[in-house]
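Engineer: The following block contains the structure, expressed as structure tokens.
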């Protein structure tokens with residue numbers, strides 16, 4: 001089911017999931033605010049998701065994920081978090097990592113996503129994080145710092 005959903009539908013499911021995690025429930029106005037959309041647009045998509053059996057929705061009531069909708073939302077959220085962590089590991093500023101992880105979560109082949117997931121897990125989990133990874137990260141940070149300094153000097157000339 002997940003592969004036939006549009007990026008937009010996945011975004012809705014993830015947003016509903018995150019709102020419910022924070023507030024315990026989601027309403028149309030919450031989803032509209034989260035996605036920066038008009039409530040009428042949200043109602044239209046929520047009705048489509050309801051027809052697909054991914055959410056339960058009653059007019060003027062809340063929006064609830066079905067078990068299938070929750071499963072998809074959790075998978076999308078996990079992909080998003082993996083890409084955000086990866087981008088932060090390579091020292092992409094948090095605001096850009098957040099935006100770009102959103103793009104990546106929808107664009108890559110599942111096998112590529114799996115390898116990103118494995119890499120991030122390898123790098124970040126302390127029980128599996130060998131000393132060479134820590135040194136590698138220190139060297140990378142220093143390399144980036146020197147590159148930035150060189151770029152600033154080049155810009156001054």
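Engineer: Please determine, by comparing only the residues of the stretch 52-73 that are touching a residue at least 40 places away in the same chain (Cβ under 8 Å) and surrounded by 18 or more Cβ atoms within 10 Å (Cβ to Cβ), which one is nearest to residue 29 (Cα to Cα).
Structural biologist: 63
Engineer: Determine whether the stretch 91-100 contains at least one residue that is over 15 Å from the mean Cα position of the chain (by Cα), surrounded by fewer than 18 Cβ atoms within 10 Å (Cβ to Cβ), in contact (Cβ under 8 Å) with a residue 40 or more places away in the chain and not assigned by TED's automatic domain parsing to the domain that holds residue 15.
Structural biologist: yes
Engineer: Which residues, taken from the stretch 19-36, are closer than 19 Å to residue 80 by Cβ and crowded, with 17+ Cβ neighbours inside 10 Å?
Structural biologist: Selection gives 19, 20, 26, 30, 31, 34, 35.
Engineer: Out of 15, 6, report the one residue that is out of contact with any strand residue (DSSP E or B) (no Cβ under 6 Å at 6 or more places or on another chain), surrounded by 14 or more Cβ atoms within 10 Å (Cβ to Cβ), under 19 Å from residue 105 (Cα atoms) and free of Cβ contacts under 8 Å to residues at least 40 places away in the same chain.
Structural biologist: Values: 6 fails: surrounded by 14 or more Cβ atoms within 10 Å (Cβ to Cβ).
Going through 15, 6 in turn, the sole match is 15.
Engineer: Still on this structure, please answer the following. Read through the list (1) exposed (fewer than 14 other Cβ atoms within 10 Å of the Cβ); (2) farther than 23 Å from residue 16 by Cβ, then give the number of the only condition that residue 87 fails.
Structural biologist: With respect to (1) exposed (fewer than 14 other Cβ atoms within 10 Å of the Cβ); (2) farther than 23 Å from residue 16 by Cβ, residue 87 is out only on (1).
The values are calculated or read from the model by the stated rules, or taken from the named source; none is laboratory data. Quick caveat: nothing in here was measured; it's all calculated off a predicted structure. We place every Cβ from the backbone using ideal geometry, glycine too, and count neighbours over all the protein chains shown.
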